[in-house]
Amino acid sequence: MIDGDVKEFVNNLYYGSEMYFLFRGKKYFIQGWYKEPFHYLVLTEEEDVDFLKGYIWEHFSKDSAECVKAFLDAKLWDGKTFYEVENEMTWTD
């Protein structure tokens with residue numbers, strides 16, 4: 001991960017931290033939260049600094065680790081998983 005530690009980025013996912021990152025010219029925003037009894041993790045693509053167009057991926061579970069694993073395993077990045085392309089991502093916050 002460019003401009004950040006990939007282990008720290010992934011660790012932050014477990015806590016639902018709000019994070020921005022770039023991948024192939026597009027800016028993304030990921031965040032999570034807990035609303036009993038579920039943990040939520042959602043991803044949006046930011047078209048404009050002031051406008052989020054909506055979720056492009058979401059997962060919820062009673063286990064935060066399941067949400068993180070689902071994100072890491074999802075083939076969201078041109079048919080590849082997070083770890084297959086994380087070296088092309090720039091952590092921007």
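Things to note:
- Pairs with Cβ under 6 Å, 6+ apart, first in the range 63-77 and polar (S, T, N, Q), second part of a helix (DSSP H, G or I): S64/Y14
- Here the range 79-93 is the region considered, the condition is being among the charged types (D, E, K, R) and modelled with pLDDT of 95 or more, and the residue that is farthest from V6 (Cα to Cα) is K80.
- Residue among K69, K53, K62 that alone is surrounded by fewer than 16 Cβ atoms within 10 Å (Cβ to Cβ) and at pLDDT below 95: K53
- Cβ separations smaller than 8 Å between residues 6+ apart or across chains give the following pairs from the range 26-41 residues that are in contact (Cβ under 8 Å) with a residue 60 or more places away in the chain to residues that are part of a loop (DSSP other than H, G, I, E, B): K27/T92.
- Tally of residues being loosely packed, with under 12 Cβ neighbours inside 10 Å and either modelled with pLDDT of 95 or more or in a helix (DSSP H, G or I) (or both) across the range 37-50: 1
The values are calculated or read from the model by the stated rules, or taken from the named source; none is laboratory data. Note that this is a predicted model, so its numbers are computed, not measured. Backbone-built Cβ (ideal geometry, glycine too); neighbour counts: all protein chains shown.
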